[in-house]
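Heads up, the thing below is written out as C-alpha cells.
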Number of protein chains: 2
Amino acid sequence: MKKVFATIITIGDELLIGQVIDTNSAWIAQELNKIGVSVKHRIAVGDVYDDIWNALNEESKQADIILITGGLGPTADDITKPLLCDYFGGKMIMHQPTLDYITDLFEKKFKRPMIDRNRKQAEVPDVCTVLKNERGTAPGMLFEKDEKIFIALPGVPHEMKWIMHNEVLNIISQNFKTGFIEHRTLLTAGIGESYLAEMIKDFEEKIQSNIKLAYLPNDGMIRLRLTGFSNDKNKLVETIDTLFSTLKNLVKEYLVVDEDISLEAVIGKLLKERKQTIATAESCTGGYIAHLLTSIPGSSAYYEGSVVSYSYAVKEEVLNVKNITLNTVGAVSEETVCEMVKNVMQLMKTDYAIAVSGIMGPDGGTHEKPVGTAWVAVASKYKIISKKFHFRFDRTRNIQLTATNALNLMRQLIVDNR
Amino acid sequence: MKKVFATIITIGDELLIGQVIDTNSAWIAQELNKIGVSVKHRIAVGDVYDDIWNALNEESKQADIILITGGLGPTADDITKPLLCDYFGGKMIMHQPTLDYITDLFEKKFKRPMIDRNRKQAEVPDVCTVLKNERGTAPGMLFEKDEKIFIALPGVPHEMKWIMHNEVLNIISQNFKTGFIEHRTLLTAGIGESYLAEMIKDFEEKIQSNIKLAYLPNDGMIRLRLTGFSNDKNKLVETIDTLFSTLKNLVKEYLVVDEDISLEAVIGKLLKERKQTIATAESCTGGYIAHLLTSIPGSSAYYEGSVVSYSYAVKEEVLNVKNITLNTVGAVSEETVCEMVKNVMQLMKTDYAIAVSGIMGPDGGTHEKPVGTAWVAVASKYKIISKKFHFRFDRTRNIQLTATNALNLMRQLIVDNR
C-alpha cells in the first residue's frame, strides 16, 4: 500500500499580505492525518487567475488529493469558482437543492430579502459534485481528473470545518486505501532543546526508519513527537508504544504530560480527578490565564473565577492587598503576589489559586524592575510558592510566557499535593 | 520599475501535520509589503531533503527573494543548514564571531556549560553571509544565486523577527528597487458581505486597475481593504486616499474604524482621548474580553480590571448579583448581566463597564437557553444597554463572537456618549 498524499492550496491576497493568519491549513492537516493521509505541501496563492491555475497544475503532479480553500464568496475578489469551471472544462449551472437551501435560509433564519448575489452562490460548474454547506451560502465542490480528486471549500473556518466533517473526510476514506499514521506526543518543561537532544541521543539514533522524532519548542516548553507510518496498524501501535514508554522514562524528570494536550487541559484533568477548585488573581496577564483555563470545555466544574486587578485601586479594594505593601515594595513584588494569591483563594473559597504581577512592556520598566519582570505565586491551603521570572520579549510573548510558567508552577503544586 | 516578488518557504513536519499554526508567514508578508515587496507564494514543506530541494528550485523560478524559515535548530530533525550548504555548493566552516557570541551567551546569560551541539550552531556554509541573531543561537544566512537572494532564518518567531528587523529588511531595500505599495483598510460591523458588496458595487466597478479591493470577513465583522501599487508614490497616495474617502462615505452607517486596528485598540483610543476608564465582569468569556483590552500597550491608563465570575458563588459574593435573580431567571439572563455591569462599575469606580453571561458549549445548553446564547450589557453612568445574542458555533468561536459583539456595543455607547 502506498502513501496517500494531499496538498492544501489556500487562496486569497489577505494571506500574502499577512492580514490574516492561516489557521485552516493546520486544522485540515490534522484531520487528514487522522485518516492516514499525509500532507506534502501547503501553499498560499493570491486572488490571481494565473497563479491559481499554475498551483493546480503543479500540485496535482505531486499529490493525490488537492484541497483548495477560499475565494468562493459572493464578491468580485472571489474568483475561484469560475476558474475551477474553466480548469475542469465545465459550464456554470444553477444547483437547485443549494438554491432551495439558500432561499430557505434567507426567509427563515436571516429574515431579510435575498439578492441576486446570494442567488449566484447556488451556481456551480456542471462538472462538479456539490458538497453541502449547512453553515453558509457557498457550497463545497468536488472535481475528478486523472485519478486525482480536487476539493474546493469556502475559506470561512467554521463553514470549511463543517463540510470537511460532514462530507469530505468520508469521501476520501471511501476513495483511497490509506496506510496508518500514529502520533505520540509528550510535553517537557524546564529543559533546553540542546540538552534534551543530548539526553535522548542514543534513543534517537536507534529509532527504526518508519518512525520519526520531532522537537517542537513552544512558549518555553518543548514537545517531543513520535510519528510512525505503516500498513500494519497493530504492529505500528505496538512499536510506537514501546518507543514512547522508553522516551517518557528518559525525560521523566522534565515530563509535564504524555498526551498532546495543553497545560491548561492538564490542570483541568488533575482538578477534576481530585474534585478540587481553582481561582486566579491577575495583574499583568490581564485575564489571559483565566481565558486559558476557561477555554477548556467543562471548566466550570473546577474554575471559580478571577479578579483581574489591573490598577492599584482594584488590588487594594477588591483583592485586599495592603496599602502599605503596594506603597513600599510596589505591585510587582513577592509580597504583593503572595497577598493576592491568599486573598483570592479566600474570596473565592477555592483549593488552589494563582496570582501574577509584572511589567509586560513596551513601557513601564525601571532599572530595578525592567520590562519582562514577573512575579508569580501559586497556593494550596497548605503552601504558597512564589517565583520571579524575567522574560526578554515583546508584550504578547511576555504575557504568554508569564501565563505558561504560572500554570506549570500550579500543575507541580497540585501534583505534589496529592 | 518592475514589481519585486518574494516567496516564503516554511520548513517543518509540524506545519504539515497541523501541530502548530504558522504565524511567521503572515508577519513576514506584512513586513515585506511595507518595503514594497509583493509575496507571490507561501509554501510549507516537511523536514524532507528532496521536498525542500524541489521547493527551492521551483520557487526561485518565480520570485526574486526566497525567504526560508525553520529547520535551523540543534537537533537531528533540523536539516535545513546542511541542505543549503549542498544546494549552494559550499562546505561547512566555523564562524568565529557567532561562536564567540554563543560562548558568551552560555557563560553570562544561561550560566550553564556549552555542549558540542550548541557549538555546532556556529557552523555555517562558507558560501553564505551570516546574519546576526541576538535572540538565539541559530544565525540567519544569506545566499545569492542567479541574481536571486535566498535568506534562511530560524523558525522561532521572536528570533526570526529580530533578524528580519535588524538585518534582512535593510539588505532587501539596498538590493532591490521596489515600487510602492499602499493599503487602506476600514472595519465594518452589522452588515453581511453580500449587502456590503451590493452597496459599493458602482464604486468597485470604477476602481482603476492598479488598485484592488478586498473583503475580509472576520468574527462577524467585515474589513474592506484597498491596495495600490505604483512607481509614483505621491500620485498613488493621492489616488488611494480619494478612493478611500469615497468608500468610507459609502459605508458610513456601518463603519467601525478607518484604520487596520482591532476593536479593542479602537476602544483604547476613545477612552484615552476622553480620559475615561472601563471595567469588565465576565462569566462565559472567562477573561477573554479583559485579555483583549489589556493586550493593547498602555491599557493601564484606562482599564481598571475585571471580575471573572465563572461560578454562581463569585457572581453573588464578589459581584453582589442578588441571590433571587440567580435563582429565578438564572445566570444567563438580562437581569443578571445588568446587575453585573452596574455592580462592577461601582466596585471598580469606572466610567464604563461591560458584562457578559452565556452558554458557550459544548455542554450546558437547555431548550430555552441553547448553547450559543449570550447576554451582553454595556453601561455608562447614564445608561445601560443590554442585548441577547445567539451564536451557533463551537466553544472557541462562541467566546470570540461574544467578546467582539460586547466590545462593539461598548464602542457604540462610548461614541454616542460624547
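The values are calculated or read from the model by the stated rules, or taken from the named source; none is laboratory data. Note that this is a predicted model, so its numbers are computed, not measured. Neighbour counts run over all protein chains shown; Cβ positions are idealised from the backbone, glycine included.
B:Leu56 - would you say it is aliphatic (A, V, I, L, M), away from every other protein chain (no Cβ under 12 Å), under 19 Å from B:Pro157 (Cβ atoms) and buried (at least 20 other Cβ atoms within 10 Å of the Cβ)? Before the answer, list the steps.
On the way: aliphatic (A, V, I, L, M): yes; away from every other protein chain (no Cβ under 12 Å): yes; under 19 Å from B:Pro157 (Cβ atoms): no; buried (at least 20 other Cβ atoms within 10 Å of the Cβ): yes.
The answer is no for B:Leu56.
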> Since B:Val39 meets every condition but one in (1) modelled with pLDDT of 90 or more; (2) on the phi > 0 side of the Ramachandran plot, which condition does it not meet?
Replying inline: (2)
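Considering B:Lys81, B:Lys61, which residue is basic (Lys, Arg), outside the structural domain of B:Val237 (by TED's automatic domain parsing), within 28 Å of A:Asp47 (Cβ to Cβ) and surrounded by fewer than 24 Cβ atoms within 10 Å (Cβ to Cβ)? Before the answer, list the steps.
Values: B:Lys81 fails: within 28 Å of A:Asp47 (Cβ to Cβ).
Within the list B:Lys81, B:Lys61, the selection yields B:Lys61.
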> Which of (1) modelled with pLDDT of 95 or more; (2) hydrophobic (A, V, I, L, M, F, W, C); (3) surrounded by 17 or more Cβ atoms within 10 Å (Cβ to Cβ) does B:Val237 not meet, given it meets every other one?
Replying inline: (3)
>> Residues that are in the same structural domain as B:His390 (by TED's automatic domain parsing), under 22 Å from B:Asn405 (Cα atoms) and in contact with a Gly (Cβ under 9 Å, 6 or more places away or on another chain), at least 2 per element: which helices (runs of 4 or more DSSP H) completely within the stretch B:283-336 meet that?
In response: B:288-294
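Going by the conditions given, is B:Gln30 at the interface with chain A (Cβ under 10 Å from one of its Cβ atoms) and either acidic (Asp, Glu) or free of Cβ contacts under 8 Å to residues at least 12 places away in the same chain (or both)? Give the derivation first.
Working: at the interface with chain A (Cβ under 10 Å from one of its Cβ atoms): yes; either acidic (Asp, Glu) or free of Cβ contacts under 8 Å to residues at least 12 places away in the same chain (or both): yes.
Yes: the conditions hold for B:Gln30.
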> Given B:Val37, B:Val45, which one is in contact (Cβ under 8 Å) with a residue 12 or more places away in the chain and closer than 21 Å to B:Asp146 by Cα?
Replying inline: B:Val37
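I'm trying to understand the selection: among the residues of the stretch A:1-27, which are among the aliphatic types (A, V, I, L, M), in contact (Cβ under 8 Å) with a residue 24 or more places away in the chain and surrounded by fewer than 22 Cβ atoms within 10 Å (Cβ to Cβ)?
Step one: filter the stretch A:1-27 for residues among the aliphatic types (A, V, I, L, M), giving A:1, A:4, A:6, A:8-9, A:11, A:15-17, A:20-21, A:26.
Imposing the further condition that a residue be in contact (Cβ under 8 Å) with a residue 24 or more places away in the chain reduces the set to A:1, A:4, A:6, A:8-9, A:11, A:15-16.
Matches in the stretch A:1-27: A:Met1, A:Val4.
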> Any residue in the stretch B:254-273 that is in contact with a helix residue (DSSP H, G or I) (Cβ under 7 Å, 6 or more places away or on another chain), within 9 Å of chain A (Cβ to nearest Cβ) and either crowded, with 22+ Cβ neighbours inside 10 Å or modelled with pLDDT under 90 (or both)?
Replying inline: no
>> Quick check on B:Thr396: is it assigned to a helix (DSSP H, G or I), of a type in the set (Ser, Thr, Tyr) and at the interface with chain A (Cβ under 10 Å from one of its Cβ atoms)?
In response: yes
> Just checking, how many residues over the stretch B:33-50 are of a type in the set (Asp, Glu) and facing chain A (nearest Cβ under 7 Å)?
Replying inline: 0
> Given the residues A:Pro113, A:Pro97, A:Pro154, which is the only one that is without any contact (Cβ under 8 Å) to a residue 40 or more places away in the chain and either under 22 Å from B:Lys201 (Cβ atoms) or in contact with a Phe, Trp or Tyr (Cβ under 8 Å, 6 or more places away or on another chain) (or both)?
Replying inline: A:Pro113
>> Here is a list: B:Tyr302, B:Tyr288. Which entry is more than 8 Å from chain A (Cβ to nearest Cβ) and within 15 Å of A:Ser309 (Cα to Cα)?
In response: B:Tyr302
> What are the residue pairs meeting all of these: first residue in the stretch A:223-235, first residue without any contact (Cβ under 8 Å) to a residue 40 or more places away in the chain and in the same structural domain as A:Glu204 (by TED's automatic domain parsing), second residue of a type in the set (Lys, Arg) and surrounded by 20 or more Cβ atoms within 10 Å (Cβ to Cβ), Cβ atoms under 6 Å, and 6 or more apart or on different chains?
Replying inline: none
>> Restricting to the stretch B:337-362, count the residues that are touching a Ser or Thr at 6+ places or on another chain (Cβ under 7 Å), in a loop (DSSP other than H, G, I, E, B) and within 13 Å of another protein chain (Cβ to nearest Cβ).
In response: 2
> Of the residues that sit in the stretch A:305-336 and are at the interface with chain B (Cβ under 7 Å from one of its Cβ atoms) and not aliphatic (A, V, I, L, M), which one is farthest from B:Thr285 (Cα to Cα)?
Replying inline: A:Ser311
> Where residues in the stretch A:367-379 are without any contact (Cβ under 8 Å) to a residue 60 or more places away in the chain and touching a helix residue (DSSP H, G or I) at 6+ places or on another chain (Cβ under 6 Å), which of them is nearest to A:Gln276 (Cα to Cα)?
Replying inline: A:Ala379
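Output the residues belonging to the stretch A:1-52 that are of a type in the set (Ser, Thr, Tyr), within 17 Å of A:His158 (Cα to Cα) and out of contact with any strand residue (DSSP E or B) (no Cβ under 8 Å at 6 or more places or on another chain).
Step one: filter the stretch A:1-52 for residues of a type in the set (Ser, Thr, Tyr), giving A:7, A:10, A:23, A:25, A:38, A:49.
From the residues that got through so far, the ones that are within 17 Å of A:His158 (Cα to Cα) too are A:10, A:23, A:25.
Once the filter is applied, which keeps residues that are of a type in the set (Ser, Thr, Tyr), within 17 Å of A:His158 (Cα to Cα) and out of contact with any strand residue (DSSP E or B) (no Cβ under 8 Å at 6 or more places or on another chain), the stretch A:1-52 yields only A:Thr23.
Of A:Lys91, A:Lys111, which residue is within 14 Å of chain B (Cβ to nearest Cβ) and either exposed (fewer than 12 other Cβ atoms within 10 Å of the Cβ) or at pLDDT 95 or above (or both)?
Values: A:Lys91 fails: within 14 Å of chain B (Cβ to nearest Cβ).
When all the criteria are applied, what remains is A:Lys111.
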> Which condition number does B:Trp53 fail, the rest of (1) at pLDDT 95 or above; (2) under 20 Å from the mean Cα position of the chain (by Cα) being met?
Replying inline: (2)
